[in-house]
1. Return yes or no: is residue 158 over 20 Å from residue 251 (Cβ atoms), in contact with a strand residue (DSSP E or B) (Cβ under 6 Å, 6 or more places away or on another chain) and modelled with pLDDT of 90 or more?
2. Have a look at 182, 188 and point out the one that is surrounded by fewer than 16 Cβ atoms within 10 Å (Cβ to Cβ), assigned by TED's automatic domain parsing to the domain that holds residue 156 and within 21 Å of residue 129 (Cα to Cα).
3. Hey, among the residues in the range 11-33 that are without any contact (Cβ under 8 Å) to a residue 40 or more places away in the chain and surrounded by 15 or more Cβ atoms within 10 Å (Cβ to Cβ), which one's farthest from the chain's Cα centre (by Cα)?
4. Please find, within the range 232-255, the residue that is nearest to the chain's Cα centre (by Cα) out of those that are in a helix (DSSP H, G or I) and surrounded by 14 or more Cβ atoms within 10 Å (Cβ to Cβ).
5. Considering only the range 34-47, state which residues are part of a loop (DSSP other than H, G, I, E, B) and surrounded by 13 or more Cβ atoms within 10 Å (Cβ to Cβ).
6. Can you tell me which residue in the range 256-270 is nearest to the chain's Cα centre (by Cα), limited to those that are surrounded by fewer than 16 Cβ atoms within 10 Å (Cβ to Cβ) and over 25 Å from residue 229 (Cβ atoms)?
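The values are calculated or read from the model by the stated rules, or taken from the named source; none is laboratory data. This one's a predicted model, so the numbers in the text were calculated from it and none came from an experiment. Cβ sites come from the backbone with ideal geometry, for glycine too, and all protein chains shown count toward neighbours.
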């Protein structure tokens, strides 16, 4: 018991004499650390007679608690003293405003996605989601792209297993297949999300980017309905008329298929973003192929539809005059703080 009282008296005297947080830390290490005096007492317990061990252990724990309480109390006193000293300094002005807090903001892709969701919801569409690791059936087979189809060669896909049964989705089109399986026509759906392709990165290409799939299935759907929806889309996102062009394009899941291009906002004679063409490829679209409808259990003799795959990343670049797609996933705060 005498050892405990002696250690407590020395510790409390040193704590009262401490004049800084660093000094308190040294005292804590000397008494309560792994090699401190209290640890030494606890380590000696196994060597004591059995009848003395409970009392010594109890006193060692009480000693530890007392020293810790003294450290906490002295720490609070030093903190309060330091604050009083700062307040009493001649250059202290309590009327000054505090430092502004750093606040975050929505990523530009998130901002545009939410705007598009609101726009399509107002047009009667439903917002859907789907898995990013997708089965081969939904990625290709149900989209009229069988394993021996030459279009497979153009899909630079990240496969997740040697069998090729699972892969990171290279487009958001699998969501339209799931929609046709689950929903009864007529319906209108969109599906925004990330997609992945084995691309060589440059100013206009990334291995991870964002798309928005859209699909309408109903009675007597025509190319006119598709063009009307696309013009409404671009007018809603840019708040002005955007020069576009529709040119033929081949996609196994639509027939006929088209490419919708928008005039490049960065140049008039060609630049690295538009590939020196003055046009930026914005989205593929077309009327849903009868085989795709049939594969999902929808009778193409009764129902028809159109589908489009909007490049959200490219749309964001157009909206905010961003000249390099790599900025969108670069995580550079200097870029993100602008939004």
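1. On the way: over 20 Å from residue 251 (Cβ atoms): yes; in contact with a strand residue (DSSP E or B) (Cβ under 6 Å, 6 or more places away or on another chain): yes; modelled with pLDDT of 90 or more: no.
So residue 158 fails the test.
2. Working: 188 fails: surrounded by fewer than 16 Cβ atoms within 10 Å (Cβ to Cβ).
On inspection, the qualifying residue turns out to be 182.
3. Top of the filtered list is 14.
4. Here is the first cut: in the range 232-255, the ones in a helix (DSSP H, G or I) are 232-238.
Going one step further and asking which of them are surrounded by 14 or more Cβ atoms within 10 Å (Cβ to Cβ), we end up with 232-234, 236-238.
Numbers: 232: 28, 233: 25, 234: 25, 236: 25, 237: 22, 238: 25 Å.
Among residues in the range 232-255 that are in a helix (DSSP H, G or I) and surrounded by 14 or more Cβ atoms within 10 Å (Cβ to Cβ), the one nearest to the chain's Cα centre (by Cα) is 237.
5. Pass one, the range 34-47, residues part of a loop (DSSP other than H, G, I, E, B): 34-36.
36, the sole residue that qualifies.
6. Checking each candidate, the answer is 267.
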